[in-house]
Structures are given as structure tokens and as C-alpha cells.
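Data first, discussion second: the structure below is written as C-alpha cells.
The values are calculated or read from the model by the stated rules, or taken from the named source; none is laboratory data. All of these numbers come straight from a predicted model, not from anything done at the bench. With ideal geometry, Cβ positions are generated from the backbone for all residues, glycine too; neighbour counts draw on all protein chains shown.
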């Protein structure tokens with residue numbers, strides 16, 4: 001199907017005098033409940049895509065809709081203010097009290113399940129070990145917003161953008177900086193995400209990184225299909241065998257469903273990219289996650305098909321499912337020296353598979 005025609009800079013100026021009549025980026029602050037005080041950047045492309053960047057939650061993406069259909073998961077926790085977060089609460093599972101939205105980032109020095117690991121590399125004798133919770137700390141750290149807006153790169157093309165910096169630091173501990181840039185074209189239906197993680201400190205520091213990309217109802221519905229070039233399934237939770245829920249075509253929410261997780265080995269395309277997604281044939285819509293296979297060599301598929309919490313997660317990861325201690329033991333841990341960087345360039349595509 002043909003793409004919608006995007007008006008030029010001159011056409012918008014002649015008809016409205018203001019780009020917001022068609023699309024743009026707007027800064028707002030949420031004002032009620034557990035979300036009170038969170039700064040949000042509302043992106044509207046004018047091409048049917050609308051999404052929100054949660055500035056005070058690591059600039060993760062919360063709401064995401066195509067043509068008014070919600071794609072990003074809206075969990076019962078809401079977009080909880082990070083001031084309410086206690087990293088060590090719930091036996092290291094407090095991350096689950098603030099997990100909602102299209103993207104929840106894991107890292108910067110730890111992902112996957114928590115535990116204690118050696119802290120000798122920080123040379124602070126009173127601190128023998130480091131305690132980690134599920135998927136680390138970064139998702140509950142506010143960003144310093146360095147800029148946002150709309151840039152006409154030509155008379156025919158306008159880029160909506162936002163940039164910020166998230167600092168994860170401790171005295172006698174890590175000093176990692178995430179610089180995040182988010183872009184979308186005026187009239188477009190994709191989000192471009194560029195993350196750069198730098199060790200700003202002077203201690204050798206571990207680095208693990210993961211995107212928990214969460215798809216929910218109504219885009220996720222009975223008959224929605226998981227699409228990926230899977231070469232091999234390396235690991236799966238015991239709940240897969242016990243429940244037997246299909247991880248390729250999804251059914252209805254189930255009472256008491258126990259999460260099912262798979263680690264798939266994906267085949268990279270000819271550009272060195274991993275591309276995975278979901279397709280809802282009944283709606284005529286699709287969602288695709290496109291990531292650098294070298295930066296994110298591992299991938300997990302998360303099924304949370306429980307009533308009241310229905311979601312499917314697509315999780316590109318720097319490390320395998322065994323996590324921090326295993327990565328240290330087998331030599332796969334990424335260690336960053338001072339000024340070392342890791343760069344992650346990803347695309348989230350929303351598309352129509354047929355005319356409305």
C-alpha cells in the first residue's frame with residue numbers, strides 16, 4: 001500500500017503557520033496518582049503514530065499507538081514515578097512494580113535476575129559484594145533532558161527528536177552514562193533509537209544491556225502472530241512444557257498463567273540485523289523490532305498471557321539468560337574501561353498490512 005503524503009514545510013506554513021497543526025513534540029507533566037510529576041514528551045508524527053517518551057524514567061517509551069490502536073503494553077502499575085521505587089524491595093523483584101510501556105530498559109551494569117556478585121573491582125573494602133535486582137537500576141533513573149523539537153532537514157523532510165542523558169553512579173561504584181536519542185519523521189510510522197553507554201568513571205566496570213519491548217492489547221489479540229527467523233531455541237522455562245501455550249500464534253488471556261520465556265538464536269539478515277515482530281492480521285497492522293545483531297547477539301521472547309496482565313515481550317540482550325554471575329564466569333561479561341563506549345542503534349516499525 002502507498003504511504004501517506006507528507007506536506008512540505010511551505011505547505012504547513014501556508015495553511016497553518018505552525019507545525020503542531022500536523023504533528024510535533026510537546027512537553028507535558030503527568031499530574032495524578034503514582035505517575036504524578038513525571039515529565040513526558042508527546043510525539044505525534046501526523047502519520048498515525050503517536051508515542052510518549054518518559055523523561056523521568058530513563059527516556060523509555062510508554063504509550064505507543066498506531067491509528068489510535070494501542071501497541072505498547074499498559075500494565076496495572078502505570079508509569080510509576082521513580083521517587084516511589086525501592087531497588088532492593090520485594091527480594092530484588094521491585095522492578096515489576098514499575099514495569100509498563102512499550103520499552104523498559106534493563107542495565108546499565110546488570111540485567112536479568114538479581115543476586116550478589118563480587119565488588120573487588122571497585123577497591124572499597126567495606127563493600128565486598130554488589131546486590132542486583134531484576135534488570136538493574138537504569139529504568140528508574142530520571143534523565144537530564146538536553147533537547148527536543150522538530151528539525152527540517154530539507155524542505156520536504158522534518159525530523160521529530162529528543163535527547164537526554166541518564167547517569168547511573170555511586171561513590172566507590174559504577175559511573176555509567178546512557179546518552180539516548182529518539183527520532184521519528186514527520187508523517188512517519190517508525191521510531192529510531194540510538195543509545196550510547198559510556199564508562200565515565202575510572203574503575204573497570206561491567207556492562208549489560210537489554211530492551212524489554214512490551215506489546216499489549218488491543219494490538220495483541222487472539223490470532224496475533226510472532227514473526228522471527230529463529231535458527232534454534234537455546235533455552236525455555238519449565239512453564240513451557242507444563243502449560244504448552246503456543247509462542248507463535250497467541251490465544252486468549254488465561255487465569256493464573258505462569259510466564260513463559262524462551263531464548264532464541266536468531267538469524268541475522270544481510271545487513272547484520274535481527275528483525276522480529278508481531279502481526280495482527282485482523283487489524284491489518286504489524287510491529288517490527290530491528291536491532292544490530294552484533295550489539296545485541298541474544299534474544300528472549302516473553303509470554304505473559306495471564307488475565308489482567310496480558311503481554312508479549314521482545315527482548316534483545318547483550319547477554320544470555322544465565323545472567324551476571326554466569327557472564328563473569330564464562331568470560332562473556334562486557335568490561336568497560338574509562339571512556340569506553342557501546343553504541344546501540346535500533347528501529348521500531350509500526351505498519352499497516354492492508355488499507356484501513
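Before moving on, here are some points about what is shown:
- The residue that is farthest from residue 101 (Cα to Cα), counting only those in region 4-43 that are touching a residue at least 60 places away in the same chain (Cβ under 8 Å) and assigned to a strand (DSSP E or B), is 24.
Residues are listed down the side, and each one gets a yes or a no for (1) surrounded by 19 or more Cβ atoms within 10 Å (Cβ to Cβ); (2) farther than 15 Å from residue 197 by Cβ; (3) at pLDDT 95 or above:
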{"residue": "282", "(1), (2), (3)": "no, yes, yes"}
{"residue": "287", "(1), (2), (3)": "yes, yes, yes"}
{"residue": "297", "(1), (2), (3)": "no, yes, yes"}
{"residue": "305", "(1), (2), (3)": "yes, yes, yes"}
{"residue": "310", "(1), (2), (3)": "yes, yes, yes"}
{"residue": "314", "(1), (2), (3)": "yes, yes, yes"}
{"residue": "326", "(1), (2), (3)": "no, yes, no"}
{"residue": "349", "(1), (2), (3)": "no, yes, yes"}
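- Only a single criterion out of (1) closer than 25 Å to residue 229 by Cβ; (2) out of contact with any strand residue (DSSP E or B) (no Cβ under 6 Å at 6 or more places or on another chain) is not satisfied by residue 258, namely (1).
- Check on residue 25, modelled with pLDDT under 95, closer than 27 Å to residue 346 by Cβ and buried (at least 18 other Cβ atoms within 10 Å of the Cβ): no
- When residue 68 is tested against (1) loosely packed, with under 15 Cβ neighbours inside 10 Å; (2) within 21 Å of the chain's Cα centre (by Cα); (3) more than 30 Å from residue 284 (Cα to Cα), exactly one condition is not met: (3).
- Residues of region 36-48 that turn out to be on the phi < 0 side of the Ramachandran plot and in contact with a strand residue (DSSP E or B) (Cβ under 7 Å, 6 or more places away or on another chain), as a count: 8
- Residue match in region 100-116 (condition: in a strand (DSSP E or B) and surrounded by fewer than 20 Cβ atoms within 10 Å (Cβ to Cβ)): yes
- Residue within region 72-88 that is at pLDDT 95 or above, surrounded by fewer than 21 Cβ atoms within 10 Å (Cβ to Cβ) and within 18 Å of residue 348 (Cβ to Cβ) present: yes
- Number of the condition not met by residue 232 [criteria: (1) in a strand (DSSP E or B); (2) at positive phi]: (2)
So that you can scan it fast, the table gives a plain yes or no per residue for (1) buried (at least 16 other Cβ atoms within 10 Å of the Cβ); (2) at pLDDT 95 or above; (3) more than 22 Å from the chain's Cα centre (by Cα):
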site	(1), (2), (3)
249	no, yes, yes
253	yes, yes, yes
257	yes, yes, yes
273	yes, yes, no
300	yes, yes, no
319	yes, yes, no
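- Within region 51-87, being in contact (Cβ under 8 Å) with a residue 24 or more places away in the chain, in a loop (DSSP other than H, G, I, E, B) and touching a helix residue (DSSP H, G or I) at 6+ places or on another chain (Cβ under 7 Å) holds for 56, 57, 58, 77, 78, 79, 80, 81, 85, 87.
- Of the residues 33, 68, 37, the single one that is modelled with pLDDT of 95 or more and under 30 Å from residue 354 (Cβ atoms) is 68.
- Selection count, region 14-35, where residues are out of contact with any strand residue (DSSP E or B) (no Cβ under 8 Å at 6 or more places or on another chain) and more than 30 Å from residue 84 (Cα to Cα): 7
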